[in-house]
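Visitor: First the structure, which I've put down as structure tokens, then a few questions once you've had a look.
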Amino acid sequence: MNDDQRDAILQCQPNLEKSMPPDHMKTQLIAAHIISLDDDDEIEAIRTHNRKNAAIIKMVLRSSSNDSYDVFVRALKAIPTKSNVLADMLESCYKKKRSASTVDIDDSDSSAKNGDQSGVKKKRSDISSATDSADVKSDQLDGTMVKGRDVDVFISYSWKNQEEVLLIKKYLEAHKLKVWLDLQNVKGGKLLNEVLSDGVRRCKVFIPCVSESYIKSENCFSEISSARDYHRYMIPLILGNLNPRNGDLNSGFGDFNFFITGKTYIKIKDFKNQKDKDEKLNDLKDAIFEHLGLT
């Protein structure tokens, strides 16, 4: 890994920490021998999503492999989502870093040719941050949200439930609802946490897909907290065997029961049960339609 690649990762690190799925990244990097099984034990001992990702990034940066950056980018591109926002952001940042280095060299050579031995170079701080201008084309994003426009539904979920959540999204969109789903609408140039907060603020209905992995996620806790702060109408969707009445929603970040107490929730225990799944998704659609005044 060269200096520009290292600098690019460090510059993008805050966004990477918030948005990488750590289990996916860990698996990819272990398979490529960038991090070791001992590193895996260290990561597993960390409780929070962001800190797991911080540890993963640290391990990538200290790797002696010449391919560590390329493997890291490939792992980002392999994240199970229909856009490559994180990889595109990092690659754009690296290109700008590399361009800045080229400018430094060219200016230094020009100064030497002109008899200027001071070797004055352009400061990298004079070159705009790649994370403020990452060019992610709109056709790379799988979504219908237009910048600045309100959406009907914001779905908050854990990466581990993405397969189920994509089915929910598809069902709601088939009924002409505008759905905001994490990452699909993230434009390069905005910090991911700002975009998520913006999505929560502009939605009409907030649906937390509460699962065992959801209540263990710091990011999910942040999203549901934001929804409460913005007084968004909330329809909790309970996935799997969790039972709010048994105190199953307690976690290291707080009691998720606090957010759904007094709200009617919908529970989908098993997505493989087609009849139950269809009935519960229809109930969800009806609840959204009722709140929005649709028929």
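Visitor: What is the distance, in nm, between label points placed 7 Å from the Cα along the Cα-to-Cβ direction at residue 175 and at residue 202?
Guide: For residue 175 paired with residue 202, the spin-label model returns 2.3 nm.
Visitor: How much FRET efficiency would the formula 1/(1 + (r/R0)^6) give for residue 67 and residue 163, where r is the Cβ-Cβ distance and R0 is 22 Å, rounded to 0.05?
Guide: Efficiency for this residue pair is about 0.15.
Visitor: Could you please report the charge total around residue 69, scoring K, R as +1 and D, E as -1 over all other residues with beta-carbon less than 14 angstrom from its beta-carbon?
Guide: Once all neighbours under 14 Å are counted, the net charge is +1.
Visitor: Run the 1.4 Å probe and let me know the accessible area of residue 98, rounded to the nearest 10 Å².
Guide: Per-residue accessible area (residue 98): approximately 110 Å².
Visitor: Skipping prolines and chain starts, which residues have an amide H placed within reach, meaning under 5 Å, of the one on residue 205, given they are 5 or more residues away or on another chain?
Guide: Placed amide hydrogens put 153, 154 under 5 Å from residue 205.
Visitor: Further question on the same structure: Hey, what's the range 194-277 come to in accessible area per residue, 1.4 Å probe, Å²? Mind dumping the intermediate values first?
Guide: Working: 4110 Å² over 84 residues.
The answer is 49 Å² per residue.
The values are calculated or read from the model by the stated rules, or taken from the named source; none is laboratory data. A quick note: this is a predicted structure, and the numbers were derived from the prediction, not measured. Cβ atoms come from the backbone with ideal geometry, glycine included; neighbour counts cover every protein chain shown. To get the accessible areas, we keep the full protein, side chains included, count just its heavy atoms, and leave off ligands, DNA and RNA. Shrake-Rupley method; radii C 1.70, N 1.55, O 1.52, S 1.80 Å.
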